[in-house]
Amino acid sequence: MDQLLWPIAFALTAVPVGGLLLDRLFDVPARRFFAVLGLPWIIGLVAVVAAADPIGPLVLWGALGGVLGSVALDAVRLAGVRAGAFPLDMPKMFGILLAGLAPELQRNLIARMVEVTAALPEEDRRRALAPRIAAMGRLSERRRSIVAAGMIAGLSRLPEELRQAMLSTQLSLLAAGPAETRQAVMGTMTRAMSGPLAVPYGQPRGMPQVPMATFRGLAEVALARTLEEAGVTWRRIHLYGYGWHFLMGATFGAQYTLLVGSGSLPLAILWGTFVWLAMMVVMPPMMPMVRFPAWFPVVPFVAHIAFVLPIAWVALVLLPSAATAGSLLGLLVSP
């Protein structure tokens, strides 16, 4: 029975982080994902935990360690946020996703970039826009429409003089570029200006990245504007975002105990390093607008080591020793 329940339990613990990856990497809205799978997931997890004694304690004690670990991680992470070591406070982003406001945030990010670019002197504006116009021409129509929606929103917020200057620079760059780029960009922009544009869910992958510090400044304005437009409070965003954040921490803790049971401190550090490495791999495609600095991995690494220390303590001290037999390690070494 344990051999059957173990993979089911492990798969269920992967649902919270799976919803994030599907949203940011494959354009599957997290809000819709959890609306469809949330209740079946809870029922399935409760059923698996209640069905077998070795599996239940592994999941529950591991989840407790993961919650405590999330508190330890946040002590490092929040210090890093204040020091500018992250592109934004990630639970805020989680809250935006669960509130269904990701397209609005994306539009406001691009719109804010338009506002900042328009305020530059003409030569600086041309240098900033030239690679963006060229990249926009290479995008699929689907991705290009995401950029166009943000550009139109940004242009609409400019004073008339700046708007005309921005349009003049864009048209000049398009006229000097390849015909296919001009046709693609102007076609999408014309459709966007002629009426409401059906903007798909997703991110404009393929556009030039901006330094993380620049993105952080854009995101602060765009986040506040998105919430104001939607009439959503920061309390709601924090509730959604931190709830999801701690849920992912709990399931990472449960995965550790499902894998090794009581484990050991070296195994816990190895688990924290694995989770950190996975984060470093997925962060760039999850946030394609950001150019991360070379030093970016340092603070997340420290945070993830802090994360696994409470998990290791709970597993070693509080997890019933008999439960280890139901872990993957226990199943593999049992006669």
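Assorted remarks:
- Yes/no for residue 110 being under 23 Å from the mean Cα position of the chain (by Cα) and either crowded, with 20+ Cβ neighbours inside 10 Å or in a helix (DSSP H, G or I) (or both): yes
- Test: residue in segment 194-209 that is modelled with pLDDT of 90 or more and in contact with a Gly (Cβ under 9 Å, 6 or more places away or on another chain): no
- Test: residue 50 is assigned by TED's automatic domain parsing to the domain that holds residue 245, aliphatic (A, V, I, L, M) and surrounded by fewer than 19 Cβ atoms within 10 Å (Cβ to Cβ): yes
- All conditions in (1) under 27 Å from residue 52 (Cα atoms); (2) surrounded by 16 or more Cβ atoms within 10 Å (Cβ to Cβ); (3) not aromatic (Phe, Trp, Tyr) hold for residue 265, with the sole exception of (2).
- Residues that are within 30 Å of residue 146 (Cα to Cα) and among the β-branched types (Val, Ile, Thr), drawn from segment 259-290: 281, 282, 290
- Residue in segment 56-109 that is farthest from residue 217 (Cα to Cα), counting only those that are touching a residue at least 40 places away in the same chain (Cβ under 8 Å) and β-branched (Val, Ile, Thr): 59
- Which numbered condition residue 41 fails, given (1) crowded, with 20+ Cβ neighbours inside 10 Å; (2) within 15 Å of residue 244 (Cα to Cα): (1)
- For the criterion of being touching an Asp or Glu at 6+ places or on another chain (Cβ under 6 Å), surrounded by 15 or more Cβ atoms within 10 Å (Cβ to Cβ) and not hydrophobic (A, V, I, L, M, F, W, C), residue 202 passes.
The values are calculated or read from the model by the stated rules, or taken from the named source; none is laboratory data. Predicted model only: the values in this text are computed from it and were never measured. Neighbour counts are summed over all protein chains in view; Cβ atoms, including those assigned to glycine, are modelled from backbone coordinates with ideal geometry.
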